[in-house]
Each structure stands twice: as structure tokens, then as C-alpha cells.
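Report on the following structure.
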Amino acid sequence: MSDTEAIFDDFTAQFQRISHFARYVLKKDQELRDSDGPRLQYGMGLIMALFFTATRCRNYFVRREAIAILQEWPCINGIWHSLQAAKVAEWMVSIEEERCSGLEFVPVECRVRLPSLRVALKKDVIAVECMKPSADGTLELRKANLTWP
């Protein structure tokens, strides 16, 4: 595995802040709108920041907090729905933790790469694939069709 995934290890504190402030902003947004329906946000919004936190931070607690926020506060940013992002992040986390369960921090040899992501909105299916290092060090292709919500 290249060192590119390990570069994120130095940013755990920043990932924690992203989750903290995302939850704060979403609570304030709900207070102002006084509605439980999905929110439509233009631009990058919070979904990509939380998705990136969930999939690039390898701290067990921080990534689960990011996923929880995506699930608890449904919103739409462009083509992304927060529940879609949460589903993909959960899938990636489960693959990374197959060989490394019980650890607070996912070691480099257990990390996946996400080379492609195709969202099929009409069928409520998200086709995903990633590369995961196998025990012998080669990369193994993993694919899934995730249904949502």
C-alpha cells in the first residue's frame, strides 16, 4: 500500500473538529428551520467533509461519529444524499476492520483504496468498488451494490 493513505494519520484532531462542528452546524440549522425533512444544500456542504472523515480518518471513534452524523441529519448536497454517503462509508469501514477488528486505529496494511464510485439513483443502488490489501500484500478488488436508505 502506498504511503498516501498514511498521510491522513496526522490529521485525527482535525477530523474530530470536522465532526464536532458539523454536528453543531446541523443542530443550529434544524433550530432555525424547525423541520425534520431532508435539507438541500448547495456547494460541497457537510456531506463530503463527513464522508472524507469517515473514510480517511482511521480512528475507530472519530469515523463512527462522522457516520452517525450522516445518518442522524439527512441532507442533500448536489447529487449526494447523506444516507448514501453513510452507507458507502460503513461498507468501507467494515472491509478495513475485517482483519483489524478490536483496534482503535486501523493499521496501514488493512486500509482500502476507493478507485471508483458509481451512484445509481434511479434504482436506489450505489455500486462501489475498492482495493484491499490481502494477507500476502497483493491488492484484492472488492465490489458491492449497496441499497439505500
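Miscellaneous remarks
- Amide H partners (placed H, <5 Å) of ASN77, local residues excluded: GLN41, SER82
- Helix axis angle, 82-96 relative to the chain longest principal axis, alpha carbon, degrees: 20 degrees
- Ranked for footprinting exposure by Cβ neighbours inside 10 Å, fewest first, HIS81, HIS20 give HIS20, HIS81.
- Per-residue [θ]222 nm for the chain (sum of -39500 (n - 2.57) over DSSP H runs n ≥ 4, rounded to 500): -13000 deg cm²/dmol
- Across LYS87/LYS132; LYS28/LYS87; LYS28/LYS143, pairs whose alpha-carbon gap is larger than 28 Å: LYS28/LYS143
- In this simple spin-label model, placing a label point 7 Å from the Cα along the Cα-to-Cβ direction at both GLU109 and THR12 gives a separation of 2.0 nm.
- Helix 12-33 axis, angle to the chain major axis (alpha carbon atoms, nearest 10°): 20 degrees
- Comparing ARG58, ARG33, ARG113 in a Gaussian network model of the chain where C-alpha atoms under 10 Å apart are linked, the largest mean-square fluctuation is found at ARG33.
- Residue exposure sequence - LEU83, LEU103 - by fewest surrounding Cβ within 10 Å: LEU103, LEU83
- Based on the convex hull around the alpha carbon atoms, the chain presents an average projected area of 8.9 nm².
- Computed magnitude of the charge dipole of the chain (debye, nearest 20; Cβ of K, R +1, Cβ of D, E -1): 460 debye
- Relative contact order [Cα under 8 Å, 6+ residues apart], the chain, whole percent: 19 percent
- Here the residues LEU141, LEU114, ranked from fewest to most Cβ neighbours within 10 Å of their Cβ, fall in the order LEU141, LEU114.
- Disulfide-incompatible cysteines by the Cβ rule (no partner under 4.7 Å) in the chain: CYS57, CYS75, CYS130
- Approximate spin-label separation MET48-ALA135, in nm, with each point projected 7 Å along Cα-to-Cβ: 4.0 nm
Readers should treat all values here as calculations from the given coordinates under stated rules, not as data from a laboratory. In this text, all values refer to a predicted model and were calculated from it rather than measured experimentally. Using ideal geometry, Cβ is built from the backbone for each residue, glycine included, and neighbour counts are taken over all protein chains shown.
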